[in-house]
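Please treat every number below as a calculation from the coordinates, not as lab data. From a predicted model like this one, the values you see are computed outputs, not experimental measurements. Virtual Cβ from ideal backbone geometry, glycine too; neighbours counted across all protein chains shown.
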Amino acid sequence: MLDQLLEKFGLKYEELKPAEKETLNTWMSALEKGQIDLTKVRTYINAMKDGVEQELTKSDVGAKQDLFLKARLRNYMLLDAFLSTPERAKQQLENALMGMTGKGMK
């Protein structure tokens, strides 16, 4: 099942980074056991945010990769906010929209 899933996205298990493999294995194990819950989703999102933050701190990140990583980080932040409180989710959504439009709130 894992190989089929990765193949859909043009990925191979061997090409994944160690942290990505660990996260993927954890999620596959949880899927097989039917044990995905909100806490695990939030843990996963935080792990993915940490990974993106690590990539952003590298000095050899090009402008295109930098933009891509920042977009991913923003998405993870938004997801995390939605899983938290409604007020925080609303604020993160507003921040994301402001970032897309370049305009402040009225």
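So the label point goes 7 Å from the Cα of residue 65 along Cα→C-beta, right? Which residues of the range 1-44 then have their backbone N under 17 Å from it?
15-20, by backbone N distance to the label point.
Cα axis of helix 63-82 to longest principal axis of the chain: angle in degrees, 0 to 90, nearest 10?
Once rounded, the angle reads 90 degrees.
Would you calculate, for the chain, the mean residue ellipticity at 222 nm contributed by helices, counting each DSSP H stretch of 4 or more residues as -39,500 (n - 2.57) and dividing by all residues, to the nearest 500?
It lands at -24500 deg cm²/dmol.
Below 8 Å, C-alpha to C-alpha, sequence gap of six or more: please give me the relative contact order for the chain in percent.
Taking the mean separation of contacting Cα pairs over the length of the chain, I get 17 percent.
In degrees between 0 and 90, to the nearest 10, how far off the longest principal axis of the chain does helix 38-56 point, with axes built from Cα atoms?
70
Could you sort out which of 8/58; 40/90; 17/58; 17/70; 21/70 sit more than 24 Å apart by Cα distance in this structure?
Numbers: 8/58 29 Å; 40/90 22 Å; 17/58 15 Å; 17/70 19 Å; 21/70 22 Å.
Check vs 24 Å cut-off fails for 8/58.
Given the chain reduced to its alpha-carbon atoms as identical point scatterers, what log10 I(q)/I(0) does the Debye formula return at q = 0.17, 0.22, 0.23 Å⁻¹?
Taking Cα atoms of the chain as identical point scatterers yields -0.99, -1.27, -1.30.
As I understand it, the value is the acute angle between the Cα axis of helix 18-33 and the longest principal axis of the Cα atoms of the chain; what does it come to in degrees, rounded to 10?
Orientation of helix 18-33: about 70 degrees from the principal axis.
Find, among the chymotrypsin sites (Phe, Trp or Tyr not before Pro) in the range 1-70, those assigned to loop by DSSP (not H, G, I, E, B) with at most 14 other beta-carbon atoms within 10 angstrom.
Passing sites in the range 1-70 are 9.
On a full-extension model of 0.36 nm per residue, what is the gain between residue 27 and residue 14, subtracting their alpha-carbon distance, rounded to one decimal in nm?
Values: separation 13, 0.36 × 13 = 4.68 nm, distance 1.70 nm.
Computed gain between residue 27 and residue 14 is 3.0 nm.
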